[in-house]
Amino acid sequence: MKKNLTYKILEQHLISGDLTPGKEIGIKVDQTLTQDSTGTMVYLQLEAMGVNSLKTELSVAYIDHNTLQTGFENADDHEFIKTVAAKYGIVFSKPGNGICHQLHLENFAKPGKTLIGSDSHTPTCGGMGMLAIGTGGLDVAIGMASGKYYLKAPKVLNIQLTGKLKPWVSAKDVILFILKKLTVKGGVSKVIEYSGDGVAALSLTDRATITNMGAELGATTSIFPSDAITLAYLTAQNRASDWMALAADEDADYDERIAIDLADITPMTAKPHSPDNVDNISNIPGLKVNQVLIGSCTNSSYKDLMKAAAILKGKSVHPDVSLGISPGSSNILKMLADNGALSDLIAAGARILECSCGPCIGMGQSPQSNGVSLRTFNRNFCGRSGTKSADVYLVSPETAAASAISGYLIDPVTLGEDIAIKEPTAFSTERNYFIFPQGAKTNSKVIMGPNIKPFPINNQLPITLEGKLLLKTGDNITTDDIMPSDSKLLPYRSNIPHLSKYSFNNIDEDFWKRCETYNGGFILGGENYGQGSSREHAALVPLYLGVKAVIVKSFARIHKANLINSGIVPLELVNTTDYDIIDAGDDLVLEDIKGDLSNGDVIELTNLTKGHSIKCKFVGSPRDIEILLAGGSLNYTKSSLEVL
Ligand code: MIC
Ligand code: SF4
């Protein structure tokens, strides 16, 4: 059989299971990454497991999300993560160093290795031929402790790229084009593997832009081959020895194939409020813009920022526009400072922000009421910017810079001749924002500030689950809906009791009160429930509020895994039309959930209010069932860590 690249890497890392799509497999984890907004929980869980040493080749803890420090909370979390990192021999990246995915690409990503990260955009490193998967935090903690990660063997969708991009069209337009074609559900249970002549026309960071937003397709991950361009990038990062050539066999087997001619793509934008609501920019004339932001793990590379600087050189930002730039890494910022591009950006009137996630996660720069914000980011969910009435459009750096000058959303093609940016042959490789550990120091002190509260742990699954339907939602509910994040809430990522009062706040402010009144209960959702971020707070907070089961038409991958990890039973409706006959407030019972799960039976949900029963199913592995019976992954793992 001719192998695709994904299965080559999986085969090399296989620890258990059968490499057949849909079956559970265990793989060896080479590297892990965490960021601070999910990281505090990861390291609390790691501590709770009581392990002495890590089983990974490399683990890195980045501080990039919660860097505003408007009170003591963020700084205390940073200190906690720094001291845990020292204890376990984890590399620590200080605030200001940059965004985890860009930094990992620059400093640590290696073709052919596996990486799991407590952030949904971990697949960014797939641009380097790495199998890089975003997971819930507990999976990363277990990955560090055991060196293992369990997942459903994916289907592989091959996207064959041919041709060359037209002037002013860039990698962001490619992934927006794909999102338009496949939608936010199009990648679920799949790895997206890129191949074809068109790959050679994309720089390493262009590839990373495309794999980064594979997360928005719901894909397990996305991957490019490792070739001469990968080698050139690694050489310029002074890491040529980390390179190896990697590609699928010729005529490799794939579950699905799509062909895209890069020359067919034009500048695109994702309109409010979903990354797949994509249109050609030329179809949206006369849109007045208030804010333009360039940065995030999608588009903050050297090439992206140099292109923006070249467009802005000698021009002025429109008087009605606020332009913000957040570079992906301190080394990129240093290079822009050294070569004068930073000066061009400042002269044009740009606001230079810290090298961090910043406005992408609502940490500052919220737009004005009813404002229009163009962002080179990856998510434009309603309210994520911090301003509920604002309209966020996702665009390329080229479109962003051109529009910042014009004051309107414009197609960069109108700027005339395209500007070519040369990839550097030597990147700046300063490492002063990193703290490299001198091995693990098991008795070094871990410092925990007063905002760090214990996280909830479930009990073993009872025979019967019963309660009220606390909330009925529509399709494509995001984890930003379940557990919103902004500059006011992010400081409380290690304080679940505080966060619990904001769960589903943008949809139903009284959700948490109902949970308290009825002592928990059930949630009913539509298709693709839990898409978006990997934040396990979207499971831990419902657990804290007493949610026992979530019943939906279909789930997004990471959120479903997080529910299982926290011992909340995720069920799917056998007939999705049954969704219509359950209403919020109904009293529901899963009479023998323990027996039904253990026996792999169809699960009967009785609606006491309406006096009927409907059928549900649990779609998961025998190991997932064991985890649910144990009351979540931590209970399960603690009891089995020795045998892992
Ligand atoms: C995001 O982009 O939503 C985040 C913030 O990076 C999240 C992680 C989080 O919620 O902390 C993600 O994508 O996983
Ligand atoms: Fe940070 Fe935004 Fe990337 Fe999430 S999507 S890791 S918040 S830059």
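All of the numbers you see were taken from the coordinates with simple rules; none came from a lab. Because the structure is predicted, anything quoted here is derived from the model rather than measured. Every residue, glycine as well, gets a Cβ built from its backbone with ideal geometry; the counts of neighbours run over all protein chains shown.
Overview of results
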| quantity | calculated |
| --- | --- |
| Segment residue 576-residue 2, length gained on full extension (0.36 nm per residue, minus Cα span) | 202.8 nm |
| Vicinal HN-Hα couplings computed from phi for region 371-387 (Karplus, 6.51 cos²θ - 1.76 cosθ + 1.60; Hz; Gly/Pro x) | x, 10, 10, 9, 9, 7, 7, 10, 10, 10, 4, 4, x, 5, 6, x, 10 |
| Pairs from 82/110; 172/303; 468/615; 55/110 whose Cα-Cα separation, in the structure shown, is over 22 Å | 82/110 |
| Region 487-499 - phi-based ³J(HN,Hα) in whole Hz, Karplus 6.51/-1.76/1.60, Gly and Pro as x | 5, 7, 8, 4, x, 9, 5, 9, 9, 4, x, 5, 4 |
| Amide H contacts of residue 63 (H built 1.01 Å from N, under 5 Å, at least 5 apart or other chain) | 93 |
| Tensor-based shape of region 98-158 (alpha-carbon gyration tensor, a/c under 1.5 rounded, otherwise prolate or oblate) | oblate |
| Per DSSP, loop trypsin sites (Lys or Arg not before Pro) in region 338-420 with at most 16 further Cβ within 10 Å | 388 |
| FRET efficiency estimate (nearest 0.05) - Cβ-Cβ, residue 280 to residue 53, R0 51 angstrom | 0.45 |
| 20 Å Cα-Cα threshold exceeded, pairs from 3/152; 288/388; 453/560; 388/488 | 453/560 |
| Sum of -39500 (n - 2.57) over DSSP H runs of 4+, divided by residues of the chain (222 nm, nearest 500) | -8000 deg cm²/dmol |
| Rg(Cα)/(2.2 N^0.38 Å) for region 177-244, N = residue count | 1.22 |
| Positive-end residue of 517, 275, 243, charge dipole of the chain with Cβ unit charges | 243 |
| Cβ-derived FRET efficiency at R0 51 Å, residue 609 paired with residue 200, nearest 0.05 | 0.25 |
| Alpha-carbon centroids, region 361-420 and region 323-343: separation in whole Å | 19 |
| Sorted largest first, extent of region 382-492 alpha carbons per principal axis (Å) | 68, 50, 27 |
| Net charge, residue 366 excluded, C-beta distance under 15 Å - Lys, Arg +1, Asp, Glu -1 | +3 |
| Region 449-569, relative contact order [Cα under 8 Å, separation at least 6], % | 31 |
| Volume per residue of the C-alpha convex hull in region 10-139, rounded to whole Å³ | 109 |
| Quotient of C-alpha Rg and 2.2 N^0.38 Å, computed over region 475-614 | 1.03 |
| Distance from region 8-28 to region 30-46 (C-alpha centre basis), Å | 24 |
| Extension gain, residue 638 back to residue 288 (0.36 nm per residue minus Cα-Cα distance, nm) | 120.5 nm |
| Gyration tensor (alpha-carbon) shape descriptor, region 513-586, a/c threshold 1.5 | oblate |
| q = 0.11 Å⁻¹: log10 I(q)/I(0) that the Debye formula gives for the chain, counting C-alpha atoms only | -1.06 |
| Part-to-part distance (alpha-carbon centres) for region 590-644 and region 450-484, which is given in Å | 16 |
| Cleavage-rule hits (trypsin sites (Lys or Arg not before Pro)) in region 457-528: DSSP loop, at most 14 neighbouring Cβ within 10 angstrom | 488 |
| Karplus 3J(HN,Hα) series, Hz, for region 5-11 with 6.51 cos²θ - 1.76 cosθ + 1.60 (x for Gly, Pro) | 5, 4, 6, 4, 5, 4, 4 |
| Sparse-neighbourhood loop sites, GluC sites (Glu not before Pro) in region 488-569 - DSSP loop, at most 12 other Cβ within 10 angstrom | 509 |
| Linear extension gain, residue 583 paired with residue 257, 0.36 nm per residue minus alpha-carbon span | 113.3 nm |
| Local net charge near residue 111, Cβ-Cβ under 12 Å (Lys/Arg +1, Asp/Glu -1) | +2 |
| Semi-axis lengths, Å, region 408-457, gyration tensor of Cα atoms, sqrt of 5 times eigenvalues | 48, 24, 9 |
| Taking the C-alpha atoms of region 1-57, convex hull volume expressed per residue in Å³ | 135 |
| The chain: antiparallel DSSP beta bridges as a percent of all, rounded to 5 | 35 |
| Cβ-based net charge around residue 259, under 14 Å, with every Lys or Arg adding one and every Asp or Glu removing one | -3 |
| Three-way shape call for region 243-343 based on the alpha-carbon gyration tensor, with the a/c threshold at 1.5 | oblate |
